[in-house]
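Novice: The structure that follows is given in the form of structure tokens.
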Amino acid sequence: MTQLTPETDLVAVRPEADVSSGRLTRGAISWSLFEGARDPYVILIIIYVFMPYVGSVMVGWPKSNPTAGQEVISQWSQYSGWLTMATAPFLGASIDQLGRRKGWLGLAVGLMIPLMFALWWAKPDGSGLPVAAVMLMTSLVAILFSYTEVIHNSLLVRAAGMGAAHKASSLALALGNGFSLVLFVFLAWGFMLPGHTDWSWVPKTPLFGLSQAAHEPERLVGPMTAVLLLIGTIPIMLFTPDAPRSGVAVARAFTEGARSLWRMLTTVGKYRDAAIFLVARSFYVDGMTAVLVFFGIYATGVMHWGGLEMLIIGIILTVLAVLGGLLARFFDGILGPRRAVQMEILMSLVGIIALLGMAPDRIFFVHYDVAAHAPMWNGPFFRTLPEWIFILIGFSNATFITAHYASSRTLLTRLTPADQTGAFFGAYAVSGTATSWLAPFMVNLGTHLFKSQQGGFAMITVLLAVGFVGLLFLRNGNREFGT
């Protein structure tokens, strides 16, 4: 349940790009290292560790109020989604006119790192950073993160050439998961498990004297991800080839970019199936992303899990989510990409409904007497059957959501003419940001109206249902091209 950047390898490939070499050069590996060092921010800060801490501890301090926390987080996510929608597509359309890109990338990263590092001062009682400041900082990082995606993606073919672009993209995803897993394991071993178990290989007390009561392990992920991003930025700045100077003024570049964006959208509108797909995708991809973004805060509130449990589930799902990417090719081959995407959406819908029926004393909406059943094991976490089933549902969601990113990309190639690939992949990236505010709005609305986390999470099903129905109107996209 880790992929929040499905468009990482979607760039318009120029005909003059290198097609002869499939070898990963130093510049290509540096390109992958940057994404690998950047993505743990999403996995640790947004999904599993820091934002669940903010929502379940900081909001409503000293009393835990995860429902209010989910409402606050979804509200601020909506704000950042608006700004991303209004700006990121124009940056993407203008990137060729801007010429050199690594300076812009360095600027965005230079703004992100101090904001990420400063999350260490987000103390539970708000005496370091109040909730509003924390949310403002994470919202700014989210916007800057989207800018780095646009700039970084535009360098892929220059870094790896057409022959190795897919390898660099796959390596980047693997490194993002790998670095996240290393940080998860180190945090669990050195800071979360001490004091909760007598396992001989675990320190007796948290390293460096960190206080679990002050939630310092959760706050530490800010500096850790900031330092990792700094280290990962150095190789791309040194070794990855940059675009040549364009000689175009910045204002003119964005003006031309706006015109290019309009031409791209009008071109897409002439192809019925592709246009329907991109509109449908703008709904279901936002819903899929919302499942990822709000899973952590939902789990902490509904299952009453703390930082240790979220670290462990982060480790489990980070490893298992890789299966989704592997299964996507199998689903596409057996079902065809259109039916594969529909199946993946349907299974995600089932997963959300299943999560709504879970609680520490409830399994699929049916009461479960925990006291009447022996623990599943004698470890320090996940001792009950409802917890195990909740994790299995999370695994299912991780698998099908990850698979849908790959299947959607394949489906687009079945619906577009070969000579319009650049325009359609550009529109594909735009469709991923055009409604990025909608899911947070829906979650915020549902949480506010129903005064429960379940009410907010249930609203995601509307987006998935709209996307699923939209795909029913496609004429093509089955197992064979054009069928």
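The values are calculated or read from the model by the stated rules, or taken from the named source; none is laboratory data. Quick caveat, the model's predicted, so the values are computed rather than measured. Here the Cβ positions follow ideal geometry from the backbone for every residue, glycine too, while neighbour counts run over all protein chains shown. These area figures cover heavy atoms from the full protein model, side chains too; ligands, DNA and RNA do not enter into them. Shrake-Rupley method; radii C 1.70, N 1.55, O 1.52, S 1.80 Å.
Novice: Hey, can you tell me all the residues within region 177-218 that are of a type in the set (D, E, K, R) and open to solvent by 50 Å² or more (accessible area, probe 1.4 Å)? I'd like the intermediate steps shown before the answer.
Specialist: From region 177-218, those of a type in the set (D, E, K, R) are 198, 204, 216, 218; that's our starting set.
If the condition is that a residue be of a type in the set (D, E, K, R) and open to solvent by 50 Å² or more (accessible area, probe 1.4 Å), then ASP198, LYS204 are the ones that fit.
Novice: Looking only at region 266-286, how many residues end up being surrounded by fewer than 19 Cβ atoms within 10 Å (Cβ to Cβ), under 26 Å from the mean Cα position of the chain (by Cα) and not small (Gly, Ala, Ser)?
Specialist: Number satisfying all stated conditions: 2.
Novice: Is it the case that region 78-92 has a residue that's more than 30 Å from LYS451 (Cβ to Cβ), modelled with pLDDT of 85 or more, of a type in the set (Ser, Thr, Tyr) and in a helix (DSSP H, G or I)? It would help to see each step written out before you state the result.
Specialist: Start the filter on region 78-92 by keeping residues that are more than 30 Å from LYS451 (Cβ to Cβ), which leaves 86-92.
Now drop any that are not modelled with pLDDT of 85 or more, which leaves 86-87.
Applying the additional criterion that residues be of a type in the set (Ser, Thr, Tyr) yields 87.
Subsequent filtering for residues that are in a helix (DSSP H, G or I) retains 87.
So far as region 78-92 goes, yes, one or more of its residues are more than 30 Å from LYS451 (Cβ to Cβ), modelled with pLDDT of 85 or more, of a type in the set (Ser, Thr, Tyr) and in a helix (DSSP H, G or I).
Novice: I need the full set of residues from region 115-140 which are part of a helix (DSSP H, G or I) and buried (at least 24 other Cβ atoms within 10 Å of the Cβ), in order please. Walk me through how you get there before you give the answer.
Specialist: Looking only at region 115-140, we keep the residues that are part of a helix (DSSP H, G or I), and these are 115-121, 131-140.
Hits for region 115-140 are MET116, LEU119, VAL134, THR138.
Novice: While we're looking at this one, here's another question. Given the criteria open to solvent by less than 40 Å² (accessible area, probe 1.4 Å) and more than 27 Å from MET442 (Cβ to Cβ), does THR289 qualify? Walk me through it before giving the result.
Specialist: Working: open to solvent by less than 40 Å² (accessible area, probe 1.4 Å): yes; more than 27 Å from MET442 (Cβ to Cβ): no.
No, not satisfied.
Novice: Under 8 Å between Cβ atoms, which residue pairs at least 6 apart in sequence (or on different chains) link something in region 335-361 that is in contact (Cβ under 8 Å) with a residue 12 or more places away in the chain and within 26 Å of GLN454 (Cβ to Cβ) with a partner that is part of a loop (DSSP other than H, G, I, E, B) and open to solvent by less than 20 Å² (accessible area, probe 1.4 Å)?
Specialist: Here the result reads MET358/MET303; ALA359/MET303; PRO360/MET303, each pair linking region 335-361 to a residue that is part of a loop (DSSP other than H, G, I, E, B) and open to solvent by less than 20 Å² (accessible area, probe 1.4 Å).
Novice: Can you tell me which residue is surrounded by the fewest Cβ atoms within 10 Å (Cβ to Cβ) among those in region 366-409 that are of a type in the set (S, T, N, Q) and over 21 Å from VAL341 (Cβ atoms)? Reasoning before the result, please.
Specialist: Of the residues in region 366-409, the ones of a type in the set (S, T, N, Q) are 378, 384, 396-397, 399, 402, 407-408.
Of the ones still in play, those that are also over 21 Å from VAL341 (Cβ atoms) are 378, 384.
Values: ASN378: 7, THR384: 18.
Of everything passing the filter in region 366-409, ASN378 is surrounded by the fewest Cβ atoms within 10 Å (Cβ to Cβ).
Novice: Next question, about the same structure. Could we say that LEU187 is under 30 Å from TRP76 (Cβ atoms) and of a type in the set (A, V, I, L, M, F, W, C) here?
Specialist: yes
Novice: Inspect region 270-293 for any residue being in a helix (DSSP H, G or I), touching a residue at least 24 places away in the same chain (Cβ under 8 Å), more than 30 Å from ARG339 (Cα to Cα) and not β-branched (Val, Ile, Thr) and give the result as yes or no.
Specialist: Checking region 270-293: not a single residue is in a helix (DSSP H, G or I), touching a residue at least 24 places away in the same chain (Cβ under 8 Å), more than 30 Å from ARG339 (Cα to Cα) and not β-branched (Val, Ile, Thr).
Novice: Shifting gears a bit: Applying the selection to region 85-96, what residues are open to solvent by less than 40 Å² (accessible area, probe 1.4 Å) and out of contact with any Phe, Trp or Tyr (no Cβ under 8 Å at 6 or more places or on another chain)?
Specialist: Within region 85-96, PRO89, GLY92, ALA93, ILE95 meet the criteria.
Novice: Based on what the data block shows, is THR267 out of contact with any Leu (no Cβ under 8 Å at 6 or more places or on another chain) and at pLDDT 90 or above?
Specialist: Numbers: out of contact with any Leu (no Cβ under 8 Å at 6 or more places or on another chain): yes; at pLDDT 90 or above: no.
Here the answer is no, as THR267 does not meet what is asked.
Novice: For GLU71, which of the numbered conditions (1) part of a loop (DSSP other than H, G, I, E, B); (2) touching a residue at least 60 places away in the same chain (Cβ under 8 Å); (3) open to solvent by 20 Å² or more (accessible area, probe 1.4 Å); (4) of a type outside the set (A, V, I, L, M, F, W, C) fails to hold?
Specialist: (1)
Novice: Among the residues in region 185-200, are any touching an Asp or Glu at 6+ places or on another chain (Cβ under 7 Å), assigned to a loop (DSSP other than H, G, I, E, B) and without any contact (Cβ under 8 Å) to a residue 24 or more places away in the chain?
Specialist: From region 185-200, those touching an Asp or Glu at 6+ places or on another chain (Cβ under 7 Å) are none; that's our starting set.
The answer is no, given that none of the residues of region 185-200 is touching an Asp or Glu at 6+ places or on another chain (Cβ under 7 Å), assigned to a loop (DSSP other than H, G, I, E, B) and without any contact (Cβ under 8 Å) to a residue 24 or more places away in the chain.
Novice: Please list, ordered by first then second residue, the pairs with beta carbon atoms under 8 Å, 6 or more apart or interchain, first in region 438-459 and more than 21 Å from GLY357 (Cβ to Cβ), second outside any helix (DSSP H, G or I) and at pLDDT 95 or above.
Specialist: Qualifying pairs under 8 Å: LEU445/MET459.
Novice: Taking the condition of being surrounded by 24 or more Cβ atoms within 10 Å (Cβ to Cβ) and either of a type in the set (Asp, Glu) or within 20 Å of the chain's Cα centre (by Cα) (or both), how many residues in region 441-452 meet it?
Specialist: Here the count works out to 1.
Novice: Across region 313-333, what is the number of residues that are touching a residue at least 12 places away in the same chain (Cβ under 8 Å), open to solvent by 20 Å² or more (accessible area, probe 1.4 Å) and aliphatic (A, V, I, L, M)?
Specialist: Result for region 313-333: 7.
Novice: Going through VAL285, VAL291 one at a time, which residue ends up being of a type in the set (A, V, I, L, M), under 30 Å from PRO124 (Cβ atoms) and at pLDDT 90 or above? First the steps, then the outcome.
Specialist: On the way: VAL285 fails: under 30 Å from PRO124 (Cβ atoms).
Of VAL285, VAL291, the one residue that is of a type in the set (A, V, I, L, M), under 30 Å from PRO124 (Cβ atoms) and at pLDDT 90 or above is VAL291.
Novice: Another one. Which of the residues spanning region 201-254 are of a type in the set (Lys, Arg) and without any contact (Cβ under 8 Å) to a residue 12 or more places away in the chain?
Specialist: Here is the first cut: in region 201-254, the residues of a type in the set (Lys, Arg) are 204, 219, 245, 252.
Of everything in region 201-254, just one residue is of a type in the set (Lys, Arg) and without any contact (Cβ under 8 Å) to a residue 12 or more places away in the chain, namely LYS204.
Novice: I've got another one for you. Residues that are closer than 23 Å to GLN453 by Cα, surrounded by 13 or more Cβ atoms within 10 Å (Cβ to Cβ) and at pLDDT below 95: does region 410-426 have at least one?
Specialist: Going through region 410-426, the residues closer than 23 Å to GLN453 by Cα turn out to be none.
Taking every residue of region 410-426 in turn, none turns out to be closer than 23 Å to GLN453 by Cα, surrounded by 13 or more Cβ atoms within 10 Å (Cβ to Cβ) and at pLDDT below 95.
Novice: Taking region 19-62 as the search range and keeping residues that are assigned to a loop (DSSP other than H, G, I, E, B), touching a residue at least 40 places away in the same chain (Cβ under 8 Å) and of a type in the set (Gly, Ala, Ser), which one is most open to solvent (accessible area, probe 1.4 Å)?
Specialist: Applying the first criterion (assigned to a loop (DSSP other than H, G, I, E, B)) to region 19-62 yields 19-25, 39, 49, 59-62.
Restricting the remaining residues to those that are touching a residue at least 40 places away in the same chain (Cβ under 8 Å) gives 19-25, 39, 49, 59, 61-62.
Applying the additional criterion that residues be of a type in the set (Gly, Ala, Ser) yields 20-22.
On the way: SER20: 107, SER21: 37, GLY22: 30 Å².
Here the answer is SER20.
Novice: Condition (residue is crowded, with 19+ Cβ neighbours inside 10 Å, at positive phi, outside any helix (DSSP H, G or I) and of a type outside the set (A, V, I, L, M, F, W, C)) applied to region 219-241: is it met by at least one residue?
Specialist: Within region 219-241, the first condition is being crowded, with 19+ Cβ neighbours inside 10 Å, and the residues that meet it are 219-222, 224-226, 228-229, 232-233, 236, 240.
Checking which are at positive phi leaves us with none.
No, region 219-241 has no match at all.
Novice: Right, here's the next one. In region 93-109, which residues are assigned to a helix (DSSP H, G or I) and not hydrophobic (A, V, I, L, M, F, W, C)?
Specialist: Taking region 93-109 first, the residues assigned to a helix (DSSP H, G or I) are 93-98, 102-109.
Matches in region 93-109: SER94, ASP96, GLN97, LYS102, GLY103, GLY106.
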